[in-house]
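The values are calculated or read from the model by the stated rules, or taken from the named source; none is laboratory data. Keep in mind that this is a model prediction, so the values were computed, not measured. A quick note on method: Cβ atoms are made from the backbone with ideal geometry, for glycine too, and the neighbour counts reach across all protein chains shown.
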Amino acid sequence: MNDLSVEVSWLLCHLALYDVDLTLAARNVAKGAPAVVDNATAVCADLIGSLVAANSPSQLVDLVAANAAELAAALETISEDPPDAAVRVRLYSRSGRQLFDEWLDWRDLIEVRVTEHLPRHTEYLVRLAESVGAAGEGHRFPG
């Protein structure tokens, strides 16, 4: 697997795993239970390596889509103004360094996900795709 394929696969796994964490938190918010979002699994090199080894790139795309659908369904169960929607958020870098450990309002967390996190990753995937086109390698992204 070349560096580009590794990077695309890593990012797809990261998105899929983070959606699992958000889905679990969304279900807790909907029930009024304590919710935690901890992205340690979404940056875990061993877990991501296992997912990459066990799945083709198109299977990883399918995993991202399935997990996003699960998250969307969980979000639908949350009322417009959920009571006590504070969520403990712990974020880590790829290297495992803790970047953030704070309480956030659930709506603020989702807003950051939609307006910052996903657009940043989307822009990165576009740059990766453009670099493939510029290099003339003829790679095709799954989808």
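Six or more apart or on different chains, Cβ atoms under 8 Å: show the pairs whose first residue is in segment 110-131 and more than 22 Å from R90 (Cα to Cα) and whose second is in a helix (DSSP H, G or I).
The qualifying pairs are Y124/L11; L125/V8; L125/L11; L128/L4; L128/E7; L128/V8; S131/L4.
When you check V64 against the structure, is it among the β-branched types (V, I, T), outside any helix (DSSP H, G or I), touching a residue at least 40 places away in the same chain (Cβ under 8 Å) and under 17 Å from H117 (Cβ atoms), yes or no?
no
Considering each of L47, L99 in turn, give the residue that is closer than 30 Å to E130 by Cα, not in a helix (DSSP H, G or I) and not hydroxyl-bearing (S, T, Y). Lay out the reasoning, then the answer.
Working: L47 fails: not in a helix (DSSP H, G or I).
Of L47, L99, the one residue that is closer than 30 Å to E130 by Cα, not in a helix (DSSP H, G or I) and not hydroxyl-bearing (S, T, Y) is L99.
With respect to A54, is the statement that it is under 23 Å from Y124 (Cβ atoms), surrounded by fewer than 17 Cβ atoms within 10 Å (Cβ to Cβ) and either at pLDDT 95 or above or among the aliphatic types (A, V, I, L, M) (or both) true? Can you show your working first?
Working: under 23 Å from Y124 (Cβ atoms): no; surrounded by fewer than 17 Cβ atoms within 10 Å (Cβ to Cβ): yes; either at pLDDT 95 or above or among the aliphatic types (A, V, I, L, M) (or both): yes.
So A54 fails the test.
Search segment 70-108 for residues being surrounded by 10 or more Cβ atoms within 10 Å (Cβ to Cβ) and of a type in the set (G, A, S), and hand back the single one that is farthest from A45 (Cα to Cα).
Looking at the filtered set, the residue picked out is S79.
For the list (1) in a loop (DSSP other than H, G, I, E, B); (2) loosely packed, with under 11 Cβ neighbours inside 10 Å; (3) at pLDDT 90 or above, I need the number of the one condition that G138 fails.
Exception for G138: condition (3).
For segment 25-49, enumerate the residues that are of a type in the set (D, E) and in contact with a helix residue (DSSP H, G or I) (Cβ under 7 Å, 6 or more places away or on another chain).
Taking segment 25-49 first, the residues of a type in the set (D, E) are 38, 46.
Scanning segment 25-49 gives a single hit, D38.
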